[in-house]
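Enquirer: Starting off with a structure, shown below.
Please treat every number below as a calculation from the coordinates, not as lab data. Quick caveat: nothing in here was measured; it's all calculated off a predicted structure. All Cβ positions, glycine included, derive from the backbone under ideal geometry; neighbour counts span all protein chains shown.
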Amino acid sequence: MTDHKNTYKRIECERCGAPLSKAKQRGKFICQYCGAVYYDRSYTKSEWEEFENVKPIPETVKQQPVIKPTPTRKTKSSKVTLWLILGIVAFLCLIGLVVNVFSGTKSLSLLTSESKVTKPDMLSALPEAEKAGVSVPYADWEITFSPEISVDGSKIGFMFTVKNWSDDSQILRYKPNNFVVYDDLGNSYQLVVGRCEPDLPFQDRQLTFDPYEEVEFQSRNSWCNRAYYLPEFFGIIPLNASKLYFHFKEFGVYQNITFIIDL
């Protein structure tokens, strides 16, 4: 007798959960595991008809749009690289500065050492005259008178250098009126006071020289405020004059010495 109570509800056995298989009659299903029988509404004693295998229509799967990742800006990496480059540049600059300072100090040391080594032999006595351009080292001083002169209208300018060869500082003192300028024809050239005070040529002037320091003395139109500025001298040099003489009556340790300038 056919049991119609146990109707088919799903393709799995409700007792054991095993899958159901078709029986020979339409609408009848049998559990292969526990033997339970199920029926659905299409049950009939007739056997199953062959049905075409119809493939289920697959659900349309919407393909998610492929979003190409936007290239991320390597801001952090770029900043790190930038700071690294700046750090390297700063480090190289620091090394260069240290090298330059060291080289400068070394050069200064070598220069000082060389200056000490090349110190000229000091004369035991001053000559009465010397040609311009030839140095005269004496008593840890050295003076070199320039053979070139400057002419501005009726004013004549001169230039010479003085160097202190002592390991200590030294003071050089002089008075401008102790300079005497004349030529080989017997003409003398007077000191030009200019805008300075009239008594300035008669006043003492002095300079302090550091060890191995060299100072240039040069004639200037306004020579009042600097001890290393020299006065100009007034006069027109005759065409037939062949020599000028610059005489120091007293200029520090240089006394009664004349420098000869060829014209």
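Enquirer: Subtracting the Cα-Cα distance from 0.36 nm times the residue separation, let me have the gained length for Val215 to Cys34 in nm, one decimal.
Expert: Details: separation 181, 0.36 × 181 = 65.16 nm, distance 12.65 nm.
Full extension from Val215 to Cys34 adds 52.5 nm.
Enquirer: Something else: So, in nm, how far is label Asp204 from label Arg226 when the simple model puts each one 7 Å beyond its Cα toward the Cβ?
Expert: Simple spin-label model gives 2.4 nm for this pair.
Enquirer: Once you have the Cα-Cα distance between Phe91 and Glu14, take 0.36 nm times their residue separation minus that, and quote the gain in nm to one decimal.
Expert: That works out to 19.5 nm of additional length.
Enquirer: Taking amide H atoms as placed 1.01 Å from N in the peptide plane, list the residues 5 or more away in sequence, or in a different chain, whose amide H sits under 5 Å from that of Ile257.
Expert: Residues meeting the amide H criterion: Phe248.
Enquirer: From the C-alpha coordinates alone, can you work out the Kirkwood hydrodynamic radius of the range 219-260, in Å?
Expert: Over the range 219-260, the inverse of the mean reciprocal pair distance is 12.4 Å.
Enquirer: Which whole-Hz ³J(HN,Hα) couplings does the range 218-231 yield from phi under the Karplus relation 6.51 cos²θ - 1.76 cosθ + 1.60, θ = phi - 60°, glycine and proline marked x?
Expert: 3J(HN,Hα) across the range 218-231, in whole Hz: 8, 5, 9, 4, 10, 10, 5, 9, 10, 5, 8, 8, 9, x.
Enquirer: Per residue of the range 81-97, what does 6.51 cos²θ - 1.76 cosθ + 1.60 with θ = phi - 60° give for ³J(HN,Hα)? Whole Hz please, x for Gly and Pro, Karplus curve as stated.
Expert: 4, 4, 5, 5, 5, 4, x, 5, 4, 4, 5, 5, 4, 5, 4, x, 5
Enquirer: If neighbour count is taken as other Cβ atoms inside 10 Å, put Phe259, Phe179 in order from fewest to most. List each step's numbers first, then the result.
Expert: On the way: Phe259 24, Phe179 20.
Going from sparsest to densest Cβ surroundings: Phe179, Phe259.
Enquirer: At 0.36 nm per residue, minus the direct Cα-Cα distance, what do Ser21 and Asp121 gain on full extension? Give it in nm, one decimal, please.
Expert: Stretched fully, the Ser21-Asp121 segment lengthens by 22.9 nm.
Enquirer: What is the magnitude of the charge dipole of the range 149-263 about its Cα centre, with +1 placed on the Cβ of each Lys and Arg, -1 on the Cβ of each Asp and Glu, and no other charges, expressed in debye to the nearest 20? Please report the intermediate quantities before stating the final value.
Expert: Values: 10 positive and 15 negative charges, 66 e Å.
So the dipole magnitude of the range 149-263 works out to roughly 320 debye.
Enquirer: For q = 0.14, 0.16, 0.30 Å⁻¹, what log10 I(q)/I(0) does the range 174-226 give under the Debye formula with an equal point scatterer on each alpha carbon and no solvent?
Expert: Normalising to I(0) and taking log10 leaves -0.49, -0.61, -1.30.
Enquirer: Work through the residues other than Gln190 whose Cβ is under 11 Å from its Cβ and net out their charges, Lys, Arg +1 and Asp, Glu -1.
Expert: Residues near Gln190 contribute 0 overall.
Enquirer: Moving on. Using 7 Å Cα-to-Cβ label points, what is the Ser188/Asp262 separation (nm, one decimal)?
Expert: 2.8
Enquirer: Remind me, what semi-axes does the range 129-262 give for its equivalent ellipsoid, largest first in whole Å, using sqrt of 5 times each Cα gyration tensor eigenvalue? All intermediate terms of the calculation are to be shown ahead of the outcome.
Expert: Numbers: eigenvalues 118, 65, 28 Å².
Working through the eigenvalues yields semi-axes of 24, 18, 12 Å.
Enquirer: DSSP loop (so not H, G, I, E, B), at most 16 other Cβ within 10 Å: list which GluC sites (Glu not before Pro) in the range 166-243 pass both filters. Before the final figure, lay out the partial values.
Expert: Values: sites: Glu213, Glu214, Glu216, Glu232; in loops: Glu213, Glu232.
Within the range 166-243, the qualifying GluC sites (Glu not before Pro) (loop, at most 16 other Cβ atoms within 10 Å) are Glu213.
Enquirer: Sticking with this one: If packing is taken as the mean number of other Cβ atoms within 10 Å per residue, what is the order of 118-130, 197-209, highest first?
Expert: Answer by packing, highest mean first, reads 197-209, 118-130.
Enquirer: What's the exposure ranking of Glu142, Glu250, going from fewest to most Cβ atoms within 10 Å?
Expert: So the residues, fewest neighbours to most, are Glu250, Glu142.
Enquirer: Measure off 7 Å from each Cα along the Cα-to-Cβ vector at Lys131 and Lys175, then give the distance between these two points in nanometres to one decimal.
Expert: Once both label points are built, they end up 3.4 nm from each other.
Enquirer: Same structure, new question: Residue by residue, what Karplus-based ³J(HN,Hα) values in Hz, rounded to whole numbers, does the range 31-37 have, using 6.51, -1.76 and 1.60 with θ = phi - 60° and x for Gly and Pro?
Expert: Karplus values, whole Hz, x for Gly and Pro: 6, 6, 9, 10, x, 4, 10.
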